[in-house]
1. Please work out which residue is surrounded by the fewest Cβ atoms within 10 Å (Cβ to Cβ), limiting yourself to region 127-172 and to residues that are free of Cβ contacts under 8 Å to residues at least 24 places away in the same chain and not aliphatic (A, V, I, L, M).
2. Looking for something of a type outside the set (Phe, Trp, Tyr), touching a Phe, Trp or Tyr at 6+ places or on another chain (Cβ under 6 Å) and under 19 Å from VAL101 (Cα atoms) - is there at least one such residue anywhere in region 239-248?
3. Any chance you could count how many residues in region 177-201 are hydroxyl-bearing (Ser, Thr, Tyr) and in contact with a helix residue (DSSP H, G or I) (Cβ under 7 Å, 6 or more places away or on another chain)?
4. Would you check which residues across region 111-159 are part of a loop (DSSP other than H, G, I, E, B) and of a type in the set (A, V, I, L, M) and list them?
5. Residues being surrounded by fewer than 13 Cβ atoms within 10 Å (Cβ to Cβ) and either in contact with a Gly (Cβ under 6 Å, 6 or more places away or on another chain) or in a helix (DSSP H, G or I) (or both): count how many of those fall in region 203-232.
6. If you check every pair at least six apart or on different chains, which have Cβ atoms under 9 Å apart with a residue in region 106-122 that is assigned by TED's automatic domain parsing to the domain that holds LEU165 first and a residue that is of a type in the set (Asp, Glu) and part of a loop (DSSP other than H, G, I, E, B) second?
7. Count, please, the residues in region 190-208 that happen to be farther than 13 Å from PHE253 by Cβ and β-branched (Val, Ile, Thr).
Amino acid sequence: MARLFKQMTIAGVGLIGGSLALAARRKRLVGRIVGFGRTEANLDIAAARGMIDAASRDPAEAASGSDLLLLAVPIVTMRATLEKMLPHLAPDAVVTDVGSVKGWVVRELEPLIKPPMTLVAAHPVAGKETTGAVSADPALFRDRRVIITPSAKSTEAAIGKIEKLWTATGARVERMDPDLHDALLARVSHLPQILSSALAAALLDEQVGGLWAAEFGASGLRDTTRLAASSWEMWRDIFATNREALKAALKLFGATFAEFERMIEQGDIDALEKLFDKGRRMRERFSGKPG
């Protein structure tokens, strides 16, 4: 595949940004890669692993001349980061991101960007429990979904370049309205995080008969609370920027949870069986889908 960009600046060379850098370098999709970040130690790892050609903790220096800016910083810091970098980018640069909330990103960033520069927001639905450049993996996106959420101002040429970039990683790329993306992800990604964290928090100090209840948990508890170990920094931003969709997702879950409570209080085993069957059918359908 032909080179798509002369120089890419990655603001936040962590798991996602670093993995994309490795994949882009292997496919020779970008000429030069510059890493921007808060900590010198993480940038040193990125350089040692061949993700970046140069590193800087100065936003102006890191952005200088780049025709692709990838924002892989926490969502609520994206606007401030872009404001510092924007004057130093190439005039026709494409600005993209990897945030898991898209409506807020488009509404906050697009007013800053003037043609011929373009914003093409994106969300790679992939990850690990570990973070940082040390965890980056060029195969991270293979067979995973990447959702592109262009706005009315995104040019077809810029969208095409970002789609080619992600397709080259082995990802399944699709386009979607930003608000539709947020409504879907609130239910299938953000809600599971809340439920996992809520269960873990409820059991943190729970004692039964003088015994710590969680100590008696097995694989079911480990699996269900796995997400509770996630980074607060990332989830803080999701909770702050996707509130309306999260409220709808919580309402959906709350109604079903209330059914369980009511059926247990009433001792209605037949009704409980029907709820269990609904859950089992969803799981069977989901398990048959690609990751």
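The values are calculated or read from the model by the stated rules, or taken from the named source; none is laboratory data. No experiment lies behind these values; they were computed from the predicted model shown. Every residue, glycine among them, receives a Cβ derived from its backbone with ideal geometry; neighbour counts consider all protein chains shown.
1. This residue is GLU156.
2. Yes: one or more hits.
3. As a first pass, look at region 177-201 and keep what is hydroxyl-bearing (Ser, Thr, Tyr): 189, 196-197.
Adding the requirement that they be in contact with a helix residue (DSSP H, G or I) (Cβ under 7 Å, 6 or more places away or on another chain) leaves 196-197.
Of the residues in region 177-201, 2 are hydroxyl-bearing (Ser, Thr, Tyr) and in contact with a helix residue (DSSP H, G or I) (Cβ under 7 Å, 6 or more places away or on another chain).
4. Selection gives ILE113, MET117, ALA126, ALA136, ALA139, LEU140, ALA152.
5. Looking only at that region, the number is 8.
6. Qualifying pairs under 9 Å: PRO115/ASP92; PRO116/ASP92; MET117/ASP92; THR118/ASP92.
7. Start the filter on region 190-208 by keeping residues that are farther than 13 Å from PHE253 by Cβ, which leaves 197, 200-208.
Subsequent filtering for residues that are β-branched (Val, Ile, Thr) retains 208.
Within region 190-208, residues that are farther than 13 Å from PHE253 by Cβ and β-branched (Val, Ile, Thr) number 1.
Conditions tested, residue by residue: (1) at pLDDT 95 or above; (2) over 28 Å from LEU119 (Cβ atoms); (3) among the aliphatic types (A, V, I, L, M); (4) assigned by TED's automatic domain parsing to the domain that holds ARG107.
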site: GLU163; (1), (2), (3), (4): yes, no, no, yes
site: ALA168; (1), (2), (3), (4): yes, no, yes, yes
site: LEU185; (1), (2), (3), (4): yes, no, yes, no
site: SER189; (1), (2), (3), (4): yes, no, no, no
site: ILE194; (1), (2), (3), (4): yes, yes, yes, no
site: ALA201; (1), (2), (3), (4): yes, yes, yes, no
site: LEU204; (1), (2), (3), (4): yes, yes, yes, no
site: GLN207; (1), (2), (3), (4): yes, yes, no, no
site: GLY210; (1), (2), (3), (4): yes, yes, no, no
